[in-house]
Amino acid sequence: MATTMFRRKPIEEIDESSNGNHLTRELGLRQLTAIGVGGIIGAGIFSLAGAVANEKAGPAVLISFLIAGVASAAAAFAYAEFAGLIPRAGSAYTYGYAVLGEFAGWFIGWDLLLEYTAIVAVVAIGISGYFNDLLGFLDIGLPQWMMGAPGTEPDGVAAGSYHVNLFAILLCLLIAYVLNLGMRNAARFETALVYLKVVIVLVVIVAGVFHIDAGNYDPFAPFGLTGAFTGAATVFFAVFGYDAMSTAAEESKDAQRHMPKAILYSLAISMVLYVLACLVLTGMVNYRDIDSEAAFSSAFASVGLPTLGAVIAVGAILGILTVLFTFLMGASRVGFAMSRDGLLPQWFGKTHPVRNVPTRMTWVLGIASAGIAGFLPIGEAAELTNIGILLAFVVVCVAVIVLRYRKPELPRTFRCPGMPVVPVIGIVFSIWLITFLAPETWLRFAIWFGIGLVIYLAYGRRKSALANPAAK
């Protein structure tokens, strides 16, 4: 049994092991970078930056983002090396499978299915909250039963009035539908929304500069450096997204050259925008007065620009949709790769005969995310995320070190710099952040892992493509 768990998929034979079941290469560097930016920039700017500044770091939220960005970059370099070396669907799952063995690959793949799907649900719930507020501003009333999950009723609303978050459900299903239109059309939709989002952020930065009061930066770190580091642990979850984008390597026109660039470009663009936005926000409003939920909208309202604040709120809703797109795409590609490798039933990995996208897996995960979004409060849904991404970072950083020494002769279009120090930084920082997770998170993870382990031992281990080479 131990032998089967550590069998590896030879890198040189990965294309041949796909049994002709490939995805269509539709994406150029611009579209890949847009998908990465779409996954990284979302609630991090529009709400998380304000919450961390108000509660943990003050103006030093800027330092929080820089620390998180450096740690994320350490993992990004490792992802970039693998993306150029193994341009196949699955990202961390495929890298782990090829270098550390089948069980490690399955472990991360199964883990990311839950994490990415839960992220889609959490973001959908967040957008639905903005949507309900917008309807209230327009004096449009909806039946209370469709406005939220049970137990999420705000003050003034009777307990038991909410039954389902219908808008969040519809959002998840809409993104699944868009992804199933084919990668070319879906990428156009994503790219257009990313451009809109970047324009909104630039408007925030440019307009906000004229309302900065330098006095708001004093004290710069009211909670001390400890607050900045605690803030870094929180905002770290706003500076990944390139990992989900890397699952689309098989759909890149020139993955070996474009994927490493897209990973690094998307992180660099996002970090510049994050830092500038934090400077503007904490300069416009004293950190004590920042609205944790709608930071920029309320900031502009406080300086006499409520209309601009409303426009930013609408743009934020549309822009955050790109996060749903990136992570549902990532989840479906991980599931597709696992199915193609025989670790999940091959039914899930069937692609559409015309559009050549994994339609079944996309709909399964879209419906799953809709169920989570529709019936769980955002806090409980959020607890399903985080740990899987950090574990994936650890696996990828370990794997890039192992493979560099095991097979240094492999042609690499990008080489992770500072080997092995840089990936070790990624490993250490990820493990450190894992220690901040609540016991409930570990319990949910253990339950999900247990379910998956039963599936692997009863099905995947025997049906794996490596266990049945004649079936390749």
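Applying the criterion of being surrounded by 24 or more Cβ atoms within 10 Å (Cβ to Cβ) and β-branched (Val, Ile, Thr) to the residues of segment 50-64, the residue that is farthest from Cys278 (Cα to Cα) is Val52.
Okay, residues lined up against (1) without any contact (Cβ under 8 Å) to a residue 40 or more places away in the chain; (2) over 24 Å from Arg25 (Cβ atoms); (3) of a type in the set (Gly, Ala, Ser); (4) in contact with a His (Cβ under 8 Å, 6 or more places away or on another chain):
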position	(1), (2), (3), (4)
Ile320	no, yes, no, no
Met329	no, no, no, no
Arg340	no, no, no, no
Gly349	no, no, yes, no
Pro353	yes, no, no, no
Thr362	no, no, no, no
Gly366	no, no, yes, no
Ala370	no, yes, yes, no
Pro377	no, yes, no, no
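Just one of the listed residues (Gly374, Gly349, Gly379) is touching a Gly at 6+ places or on another chain (Cβ under 9 Å) and at pLDDT below 90, and it is Gly349.
Within segment 172-249, considering only helices (runs of 4 or more DSSP H) that don't extend past its boundaries, which have at least 1 residues that are surrounded by fewer than 24 Cβ atoms within 10 Å (Cβ to Cβ)?
Passing ranges, in order: 183-209, 224-235.
Here Phe137, Phe107 are screened, and the one residue that is crowded, with 21+ Cβ neighbours inside 10 Å and either at pLDDT 75 or above or on the phi < 0 side of the Ramachandran plot (or both) is Phe107. Among the residues of segment 89-131, those identified as of a type in the set (Ser, Thr, Tyr) and either over 19 Å from Leu390 (Cβ atoms) or in a helix (DSSP H, G or I) (or both) are Tyr93, Thr94, Tyr95, Tyr97, Tyr116, Thr117, Ser128, Tyr130. Of all residue pairs spaced 6 or more apart or on separate chains, those with beta-carbon atoms under 8 Å, a first member in segment 58-75 that is under 13 Å from Phe429 (Cβ atoms) and a second member that is of a type in the set (Asp, Glu) are Ala75/Asp243. Being among the small types (Gly, Ala, Ser) and either touching a strand residue (DSSP E or B) at 6+ places or on another chain (Cβ under 8 Å) or buried (at least 24 other Cβ atoms within 10 Å of the Cβ) (or both) is the filter here; which residues of segment 75-97 pass it? Within segment 75-97, Ala75, Ala76, Ala78, Ala80, Ala83, Ala89, Gly90, Ser91, Ala92, Gly96 meet the criteria. Taking the conditions (1) under 19 Å from the mean Cα position of the chain (by Cα); (2) modelled with pLDDT of 85 or more; (3) surrounded by fewer than 24 Cβ atoms within 10 Å (Cβ to Cβ); (4) farther than 30 Å from Val421 by Cβ in turn, Ile67 satisfies each one other than (4).
Is it the case that segment 323-330 has a residue that's modelled with pLDDT under 90 and either crowded, with 24+ Cβ neighbours inside 10 Å or farther than 30 Å from Tyr93 by Cβ (or both)? Can you show your working first?
Pass one, segment 323-330, residues modelled with pLDDT under 90: 323.
Keeping just the survivors that are either crowded, with 24+ Cβ neighbours inside 10 Å or farther than 30 Å from Tyr93 by Cβ (or both) gives 323.
Yes: segment 323-330 contains one or more residues that are modelled with pLDDT under 90 and either crowded, with 24+ Cβ neighbours inside 10 Å or farther than 30 Å from Tyr93 by Cβ (or both).
A count restricted to segment 272-326 and to residues that are part of a helix (DSSP H, G or I), within 26 Å of the chain's Cα centre (by Cα) and farther than 30 Å from Thr362 by Cβ stands at 14. Might you let me know whether segment 35-56 holds any residue that is out of contact with any Phe, Trp or Tyr (no Cβ under 7 Å at 6 or more places or on another chain), without any contact (Cβ under 8 Å) to a residue 60 or more places away in the chain, in a helix (DSSP H, G or I) and closer than 29 Å to Met284 by Cα? Checking segment 35-56: not a single residue is out of contact with any Phe, Trp or Tyr (no Cβ under 7 Å at 6 or more places or on another chain), without any contact (Cβ under 8 Å) to a residue 60 or more places away in the chain, in a helix (DSSP H, G or I) and closer than 29 Å to Met284 by Cα. Within segment 201-221, being more than 30 Å from Ala310 (Cβ to Cβ) and more than 29 Å from the chain's Cα centre (by Cα) holds for Asp218, Pro219, Phe220.
The values are calculated or read from the model by the stated rules, or taken from the named source; none is laboratory data. Remember, predicted model here, so these are calculated numbers, not experimental data. Quick reminder, even Gly has a Cβ in these numbers, built from the backbone with ideal geometry, and neighbours come from all protein chains shown.
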